[in-house]
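Below is one structure, written out as structure tokens, with a few remarks after it.
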Amino acid sequence: MSDPKHDNLFANPLGDVPGFIFDQAVVDVFPDMISRSVPGYQTILSHCGELAARYVQSHTHCYDLGCSLGASTLAMRPNIEGRDATMIAVDNSAAMLSRCKTILETTSSQVETQLINADICDVYISNASLVVMNFTLQFVPLDKRLALLEKIYQGLNPGSCLIISEKLCFEPESLNSLLNDLHHQFKRAQGYSDLEISQKRDSIENVLVPESLDTHIQRLRACGFHSASPWFQCFNFCSLVAFK
């Protein structure tokens, strides 16, 4: 019997590959899936904790939007102990949030943590000193992304920070193809087969819609952020910081 925590969701031929959803099957393998699929993921998490230590202020809110199983929340909470700040973790997948609650309860923390099962586009942002969206915006419909970021900007306190981690697309197409190929080679090195890579790509196409780095930065500046820049990149995966 295979290890239920090992991601083998796309290991066998599926015929018509269904569109990717964050259901219980994905929840069961998600830590393995994301660590073997996103180069630099643990580095991003670690530095989110460091940025939380730097920017989360006393008596403010720290948001983890699209929290999945709470990895970003877990990285940040130890760094904001004693500040009377509140962690607010939001996800629209009830299965994800249920498992997230179980995981968070295994780690002792004095930081008040609220879990909200909702669409992040519908969540009110207020008194925020840090907002984190790690590989979340790419799943938001394109026509809702600007409004979401405008809402986040309005909810951030002056001098506060937004972290956005995303898969990117590039121009010219030759560069985009190279970075996609390097990403696929990374996945092969993590044990994924060509069949798994191909079927996962088909499943997530039109569900995860990447944009260019310039598009992200121009939109953030249009929202009012005075500074927006990448601070980490590996292949076609990037994390940006923006400041109000």
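The values are calculated or read from the model by the stated rules, or taken from the named source; none is laboratory data. As the structure is a computational prediction, the values presented were derived from the model and not from experiment. As a convention, Cβ positions derive from the backbone with ideal geometry for all residues, glycine included, and neighbour counts pool all protein chains shown.
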- [ ] Determine whether the range 24-42 contains at least one residue that is in contact with a strand residue (DSSP E or B) (Cβ under 9 Å, 6 or more places away or on another chain) and either surrounded by fewer than 17 Cβ atoms within 10 Å (Cβ to Cβ) or part of a helix (DSSP H, G or I) (or both).
- [x] yes
- request: Kindly establish whether residue 243 is surrounded by 15 or more Cβ atoms within 10 Å (Cβ to Cβ), farther than 24 Å from residue 130 by Cα and in contact (Cβ under 8 Å) with a residue 40 or more places away in the chain.
  value: no
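To keep it simple, each residue is scored yes or no on (1) surrounded by fewer than 17 Cβ atoms within 10 Å (Cβ to Cβ); (2) within 22 Å of residue 22 (Cα to Cα); (3) not assigned by TED's automatic domain parsing to the domain that holds residue 49.
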| position | (1), (2), (3) |
| --- | --- |
| 126 | yes, no, no |
| 132 | no, yes, no |
| 137 | no, yes, no |
| 140 | no, yes, no |
| 148 | no, yes, no |
| 156 | no, no, no |
| 198 | yes, yes, yes |
| 217 | no, no, no |
The condition of being touching a residue at least 24 places away in the same chain (Cβ under 8 Å), within 19 Å of residue 73 (Cα to Cα), touching a strand residue (DSSP E or B) at 6+ places or on another chain (Cβ under 7 Å) and of a type in the set (Gly, Ala, Ser) holds, among 118, 95, only for 118
Wholly inside the range 68-136, strands (runs of 3 or more DSSP E) that include 1 or more residues that are more than 16 Å from residue 161 (Cβ to Cβ) and of a type outside the set (Gly, Ala, Ser) are 86-91, 112-117
Counted residues in the range 92-115 being of a type in the set (A, V, I, L, M) and surrounded by fewer than 17 Cβ atoms within 10 Å (Cβ to Cβ) come to 2
Residue 109: passes all of (1) polar (S, T, N, Q); (2) within 25 Å of residue 127 (Cβ to Cβ); (3) in contact with a Phe, Trp or Tyr (Cβ under 8 Å, 6 or more places away or on another chain) but (3)
